[in-house]
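The values are calculated or read from the model by the stated rules, or taken from the named source; none is laboratory data. None of these values were measured; they are calculated from a predicted model. Cβ placement follows ideal geometry from the backbone for every residue including glycine, while neighbour counts extend to all protein chains displayed. These accessible areas exclude ligands, DNA and RNA; they are computed on the full protein's heavy atoms, side chains included. Shrake-Rupley method; radii C 1.70, N 1.55, O 1.52, S 1.80 Å.
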Amino acid sequence: MLEIEQLTIEYSSGGYAVRPIQGFDLRVDEGELVLLLGASGSGKTTLLSAVAGLLTPASGSIRFRGEEVTGLRGAAQTAYRRSAVGVVFQAFNLVPSLPAVENVAAPLWAAGVKGRPAAARAAAILEQVGLTDRAHHRPGDLSGGQQQRVAIARALAHDPPMLLADEPTAHLDYIQVEGILRLLRELAGPGRLVLIATHDERLLPLADRIVELTPRAAGDAAATEHLTLAPGEVVFRQGDAGELVYVIESGEIEIFRELAGGGEEVMVRLGPGKYFGELAPLFGLRRSATARAVAPSTVTGRSLREFREQHGADLASGLPAT
């Protein structure tokens, strides 16, 4: 049902070009519940927004039921957002002055469904999520778990074939979480897929598949890479996942950041004996800059374990961190 190919999403942060999603591929079939697992800043919400048609990626393809989502504009885009996808927001986003049944009916009103049909549909969905007895309570009179159920019911107003949930358990305690987990699992079935962005590992047993968006630290695996570089050749690029720390054997390497809208900002130039690229494998981050040869150069990339064995004192001192 959902096919994502070579997706790259870029935005500006502090004047720098940030690509939380880069060259991303994913296929989700009908009936699947897939978790996008990652830490804050890993691109989970950004990816959901692109799938929902709320932002346009820099490049790549998103197809839902064979239709290219990234090319939709105007009325076609509105129809896709309304009928094909339901979104459950992290902060619930309920209208405080409206009772639960009217919060659920709001998307139907916006689509021109009025009166009894809208009320009947809203009541039916609230029954589906187990909130019939709270239909006329305002959000302020509901628990966090009940508010999340209303938010899920609202996302189901048009019976969409794709449900996107952004951190659906973020504000819930362990008692409230259980009911939400059961509900989300039940909603993934014939004719519908469920895609959940989360950092909550309580959801792991729920999923048919788990897609990790946070790069993993290299750990203790032994690995060595020897590179001979011509001027202008790149060791790694800003936004890449990283497993190795590099030591310069000869030549000169410059570390620079790509600016939003084009251009570069050189951070530092390093010569023989210096190292770079330690933060990504050390903390499981993406590369925050690009490393490029200024002159003919040779560098050796080592795993954290190997690097610590040979350069532990340098790493402990933090010199020169790049």
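What is the set of long-range amide H partners of Gly60 at a cut-off below 5 Å, with H atoms built 1.01 Å from backbone N?
Under 5 Å from the amide H of Gly60 lie the amide H atoms of Thr8, each far enough along the sequence or on another chain.
Please give the peptides 260-267, 87-94 ranked by average Cβ packing (other Cβ atoms within 10 Å per residue), highest first, as a rough proxy for protection.
87-94, 260-267
Starting from the amide H of Leu55, placed 1.01 Å from N in the peptide plane, find each other amide H under 5 Å away whose residue is 5 or more places distant or on another chain.
Those qualifying (amide H under 5 Å, at least 5 residues apart or on another chain) are Ala50.
How high is the relative contact order of the chain, in percent, counting Cα pairs under 8 Å that sit 6 or more residues apart?
Here the relative contact order equals 20 percent.
Based on the alpha-carbon gyration tensor of segment 68-216 and its eigenvalue square roots a ≥ b ≥ c, which shape applies: rounded if a/c is under 1.5, prolate if not and a/b is larger than b/c, or oblate?
oblate
Can you give the Kirkwood hydrodynamic radius for segment 150-194, in Å, rounded to one decimal and based on Cα pairs?
11.2
If you take the square roots of the eigenvalues of the alpha-carbon gyration tensor of segment 15-96 and sort them as a ≥ b ≥ c, do you get rounded (a/c under 1.5), prolate (a/b over b/c) or oblate?
Cα axes put segment 15-96 in the rounded bin.
What does the helix-only formula give at 222 nm for the chain: each DSSP H stretch with n ≥ 4 adding -39500 (n - 2.57), the total divided by the residues, and the result rounded to the nearest 500 deg cm²/dmol?
The helix-only estimate for the chain comes to -8000 deg cm²/dmol at 222 nm.
How much net charge surrounds Val266 when only other residues with a Cβ under 9 Å from its Cβ are counted (Lys, Arg +1; Asp, Glu -1)?
Neighbourhood net charge equals -1.
May I ask you to evaluate 6.51 cos²θ - 1.76 cosθ + 1.60, the Karplus curve with θ = phi - 60°, for each residue of segment 127-140 and list the ³J(HN,Hα) values in order in whole Hz, giving x for glycine and proline?
Taking θ as phi minus 60°, the curve returns 5, 4, 9, x, 10, 4, 6, 10, 4, 10, 8, 7, x, x Hz for segment 127-140.
Which of Arg149, Arg116, Arg138 ends up with the largest GNM mean-square fluctuation for the chain, with Cα atoms connected below 10 Å?
Arg116
Would you mind checking the radius of gyration and Dmax of the chain based on alpha-carbon positions, in Å?
23.9, 77
Share of segment 88-181's accessible area from carbon and sulfur, percent, 1.4 Å?
Of the solvent-accessible surface of segment 88-181, carbon and sulfur hold 54 percent.
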